[in-house]
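Student: A single structure is presented below for examination.
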Amino acid sequence: MTATVEPEVGRARLRKEDARLITGRTRWTDNISLPGMLHVAVLRSPMAHARISNIDVSAAKEASGVLAVVTGADLADEQGSLPCAWPITEDMKAPPAPALAVDTVNFAGEAVAVVVARSAAEAHDALEAIDIDYEDLPVVLDMNEAIADGADLVHPDLGSNASATWIFDSAEAGSGGDVEQAIAASDVVVERTFRQQRLIPAFMEPRSVVVDPTGEQITMWSATQIPHILRWMTSAVTGVPETKIRVIAPDVGGGFGGKLQITPEEIVTFLLARRLGRPVKWTESRSESMVSAHHGRDQIQKLTLAATQDGTIKGLKVELLADMGAYLRLVTPGVPILGAFMYNAIYKMDAYKFVCTNVFTNKTPTDAYRGAGRPEATYAIERMMDELAAELSMDPMELRRKNWIKHEEFPFNTVAGLTYDSGNYEAATAKAMEDFGYDALRAEQAERRERGDAVQLGIGISTYTEMCGLAPSRVLGALSYGAGGWEHAAIRMLPTGKVEVITGTSPHGQGHETVWSQIVADKLGVPFDDVEVLHGDTQSSHKGMDSYGSRSLAVGGTALVLAADKVIDKARTIAAHMMECSVDDIEFSGGSMKVRGTDTSTDIQSIALQAHVAHDLPDGVEPSLDSEATFDPENFSFPHGTHLCATEVDTETGQVRIRSYVCVDDVGKVVNPMIVEGQVHGGLVQGIAQALFEGAVHDESGTLTTGTLADYLVPSAADMPSFTTGHTETLATSNPLGVKGVGEAGTIASTPAVVNAIVDAVRHRGVNDVEMPCTPMRVWQAIQGGSQAAAGPGGTESGGGLGSLDASQGGAR
Amino acid sequence: MRITVTVDGTAYTDEVEPRTLLVHYLRERLGKVGTVVGCDTSNCGACTVHLDGHSVKSCSVLAVQADGCEITTIEGLSRDGQLHPVQQAFHDNHALQCGFCTPGMIMQAIDLLADDADPDEETVRNGLEGNLCRCTGYQNIVRAVRDAASRMEPGSGPEAEQVAEQTSVAGGSRAEVRQS
Ligand code: FES
Ligand code: FES
């Protein structure tokens, strides 16, 4: 048996996953159909805040094919409260979160009753026969109003709409000085308020759950990113022992954080199946998904950045209001806190303070969406760097260069208390600027400005980093998170020489089957095609923390490497016995165990067979090479990169066109360049979509007006340019693969690059901000009236909101 | 109402409710679950199939409207284990991640190539405007469609649903793809 000729790691392997996906042989949860299976339809509240005074389900119960109609009151004794795993402060206010509303509804779209019927069509028909009387309660939508004295309350029992206030102060943490002193001692202070609009994850596969209670275990298939956490939490919520629950995430059609959730529908479907003793399925419509699956972002960010006249940053103060929506879902309160460590970004500064108040409103709950807290932070600081550069009349890249951590300064302890292990911002920036043609574009910009061209050119920069590879368990503990951040892997060596890899990560488009195979093929010296990756079923993949936070490779991939090392150690002992030599004389490479200095060798497949038949093993050696490992990272990983965007802004129409987009990302060691590039592309489009198109809008009664894909503008191919992507490779020192993670990078970096480019194009017209999404109307208004108009009413457009409240108060003082 | 349709080469005669959408008929009655539903406003294109050789969003067609028609779904494209060139190009160019949009994307791409055998980037982007993908950022999809165009015989289109020369997808032995 010969080893693979070229190393697998670093190779653009085509994906194993594709074969079933391109032929339609897929197992989406909604494709699962079981004998006797019943269907659930959910009735949702049209009211954002109301008391349920009466529910009459009698007519629905009589409808054709209906087996049960269940309300919150019917489930009140068994549904418990949906879990929130991240109580960020000891005094955090958290309301009970019933899966089905019992006596009040707190957002439009909240589930109030369900019908179980023979077919989905009959279940939906019967919904119309349910009669509910609502009594209006005051609707709370605006975060600033919500925390004002005397505000109407979302949850009157809590006494306030402020759920918690979380503070990081570098002076208290010992990682820096006092921010007020730093500001007072600075020459220039720039103050801005940005609106991070509310977004909808909009994974393409609508959520679906099938629960089969007919076996010894209750089996739940779900379109989820987190089968392991779902099993644990379902047990915690329902009291059913974890041993009696099996969760399977089959093929899952995208997640982006949107399927990092324990949903009301998962719990309700589970309870209904148990109650009825029959398999039950719930699949949402897109409209249900838009209104009831958790949303993302939604913050008001006030930043104060202080610097000396030569552009040296002294201090940064961040004051946030973060919209929780009506309930705290799985990690809702922690999302803005993940950003707390990232506002200082790649820059050195003396002092930093972060204060975030989490606010309840009568809107769909927010939670993780691609980047979760970190895109918000990166957007704000990268916008501020451009604003400071303008204030100082410096080139924005020059200002960044002056302040960023130099490559020889790593590892670097940041003002936010993290240790960045490695990075090379100079290298990524140099490559990006060259690929972009930075100087030529600046020259063209000057020329167009000179000429008074109706179409102005803008250049936007984003030099980002992110913390990912979530997460060191002790850090999560220190942040009061309810679980650890380790990951598990196991390797089974089969008698035929084939290899089964079991991972606790749960892919939903990332290509783990391919990449994990590459890693194991290299480590064990077995052919790529001989490796099979098992995941997403808690019965075979019994231990794991699932996939989110760009963690799968950095944490789960490392667990795989450690498990492979154990396989090799076991094989070494048996090989020494087989070849009658000392274990120390065995050299292992390319799948072959060789006696040092001789031609005698055997391969790992033969050793696996020898272990399996166990006819002749050394004394005390167990008949197995199978091994498992659980890896808990010591540190986060810190991908970084430089993104450059050139936009053409038509000053007469406000139309924005992305003329070129160049990014150079450093995600550490690249295992599969093809997959990494794909992750970057997809991430870029999501980030650009925040800048230009997307925004979840509620009207004054709290109804989501962007509740379909016709109103919520997920971009199509025709809306997007092609990108020029590139890489530098600075290895992470926190894991043996040297990998950092790539899932969120594109989304984190691209939003500020685009908005900076738009503002840069029209800054000479007095514009210093345009609220996202930068629709032609907003850009045009900004040009007409300066930044204030840009942040004006605009509430009728997608993404309308509070505006950049005090942009007018910015500037030097 | 009684309808007779041919789906992926097999004839079916069924009683359907007048309100039944073609996509639900395909999925629920015929078990053709390769075709998926991504929205309820005909915006996403995930449900795209060919009806008498032309792409349609099967969520916007009633099953009864398909009476007497020939339907091809993603499951009917490959013949004798040979992938359709567009399927192969999606694999070779990493034009899918989660794969949920992929059946519709491939069916739409085949239709597009029937209209224009050698489309430029803009033509491809405009031709796929009705199909949303949340994962890939579209760049590799565009590349795949243009790559497929270069591999397909001129004139091959949905009527023919032809299959040109290619390799099997299983195993992924053709490892290297172009990197930027
Ligand atoms: S399901 Fe979205 S267009 Fe048909
Ligand atoms: S590959 Fe996931 S939606 Fe297109």
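Student: Which values of log₁₀ I(q)/I(0), to two decimal places, follow from the Debye formula for segment A:346-467 at q = 0.14 Å⁻¹ with a uniform point scatterer at every Cα?
Tutor: -0.79
Student: Related question: Output the DSSP H helices from chain A with an along-axis C-alpha extent of no less than 24 Å and a mean Kyte-Doolittle hydropathy no less than -0.5.
Tutor: A:374-392, A:558-578, A:673-692, A:745-762
Student: Which values, in whole Å and largest first, are the semi-axes of the equivalent ellipsoid of segment B:2-76 obtained as the square root of 5 times each eigenvalue of the Cα gyration tensor?
Tutor: Output for segment B:2-76: semi-axes of 17, 14, 11 Å.
Student: How high is the FRET efficiency from A:S235 to A:S589, r the C-beta distance, R0 45 Å, rounded to 0.05?
Tutor: Approximately 0.50, to the nearest 0.05.
Student: Can I ask one more? Using a 10 Å cut-off on Cβ to Cβ distances, tally the other chain neighbours for every residue of A:195-202 and report the average as a whole number.
Tutor: Counting other chains' Cβ atoms within 10 Å and averaging over A:195-202 gives 1.
Student: Then there's this: Could you please report the charge total around A:G423, scoring K, R as +1 and D, E as -1 over all other residues with beta-carbon less than 10 angstrom from its beta-carbon?
Tutor: -2
Student: Between segment A:55-123 and segment A:493-516, how many Å separate their Cα centres?
Tutor: The two parts, judged by their Cα centres, are 38 Å apart.
Student: Holding the Cα-Cα limit at 31 Å, pick out from A:K498/A:K669; A:K498/B:K32; A:K594/A:K669 the pairs that are longer than that.
Tutor: A:K498/B:K32
Student: Could you list A:S637, A:S186 so that the one with the fewest beta carbons within 10 Å of its beta carbon is first and the one with the most is last?
Tutor: The fewest-first ordering by Cβ neighbours comes to A:S186, A:S637.
Student: For A:T600 and A:N144 in the same chain, what is the full-extension length gain: residue separation times 0.36 nm, less their Cα-Cα distance, in nm?
Tutor: Here the segment from A:T600 to A:N144 would lengthen by 156.6 nm.
Student: Restricting attention to segment A:489-535, which trypsin sites (Lys or Arg not before Pro) occupy a DSSP loop and are surrounded by at most 16 other Cβ atoms within 10 Å?
Tutor: Taking segment A:489-535 and a limit of 16 other Cβ atoms within 10 Å, the loop trypsin sites (Lys or Arg not before Pro) found are A:K498.
Student: Sticking with this one: Treating cross-link reach as a plain straight distance, find the aspartates and glutamates whose alpha-carbon is under 17 Å from the alpha-carbon of A:K61, omitting any fewer than eight places away in the same chain.
Tutor: A:K61 reaches A:D74, A:E122, A:D125, A:E128, A:D131.
Student: Say R0 is 41 Å: what FRET efficiency, to the nearest 0.05, do A:A614 and B:D80 get from their beta-carbon distance?
Tutor: Efficiency, from the Cβ-Cβ distance: 0.40.
Student: For segment A:633-758, what's the relative contact order in percent, using C-alpha pairs closer than 8 Å and at least 6 residues apart?
Tutor: Computed value for segment A:633-758: 41 percent relative contact order.
Student: For a footprinting-style exposure proxy, rank A:D616, A:D350, A:D18 by other Cβ within 10 Å, fewest first.
Tutor: A:D616, A:D350, A:D18
Student: Can you tell me how segment A:181-321 classifies by the Cα gyration tensor, rounded, prolate or oblate, using a/c under 1.5 as the rounded cut?
Tutor: Taking the square roots of the gyration eigenvalues as a ≥ b ≥ c, segment A:181-321 is prolate.
Student: What are the trypsin sites (Lys or Arg not before Pro) within segment B:1-110 that DSSP puts in a loop, where the Cβ has at most 12 other Cβ atoms within 10 Å?
Tutor: B:R19
Student: Alpha carbon centre of segment A:158-218 versus segment A:359-428: separation in Å?
Tutor: Using only Cα atoms to place each centre, the spacing works out to 15 Å.
Student: Which of A:K93/A:K363; A:K259/A:K281; A:K314/A:K431; A:K302/A:K402 have a Cα-Cα distance over 22 Å?
Tutor: A:K314/A:K431; A:K302/A:K402
Student: While we're on this one: Find out how many positive minus negative residues lie around B:G68, taking Lys and Arg as positive, Asp and Glu as negative, among other residues whose Cβ is under 15 Å from that of B:G68.
Tutor: -3
Student: With equal scatterers on the alpha carbons only and no solvent term, can you work out the Debye log10 of I(q)/I(0) for the protein assembly as shown at 0.05, 0.07, 0.08, 0.10 1/Å?
Tutor: -0.30, -0.59, -0.79, -1.24
Student: What is segment A:427-517 by shape, rounded, prolate or oblate, if you read a ≥ b ≥ c off the alpha carbon gyration tensor as root eigenvalues and call it rounded for a/c under 1.5, prolate for a/b larger than b/c, and oblate otherwise?
Tutor: Here segment A:427-517 falls in the prolate category.
Student: Moving on to the next point. Around A:P35, what is the net charge, scoring Lys/Arg as +1 and Asp/Glu as -1 over all other residues with Cβ under 11 Å from its Cβ?
Tutor: Computed value for this residue: 0.
Student: Report the extension gain between A:E447 and A:E652 in nm, rounded to one decimal, defined as 0.36 nm multiplied by the number of residues separating them, less their alpha carbon distance.
Tutor: Contour length minus Cα-Cα distance gives 72.0 nm.
Only the coordinates and a few stated rules stand behind these numbers; no lab work does. Not measured: the values here are computed from a predicted model. Quick reminder, even Gly has a Cβ in these numbers, built from the backbone with ideal geometry, and neighbours come from all protein chains shown.
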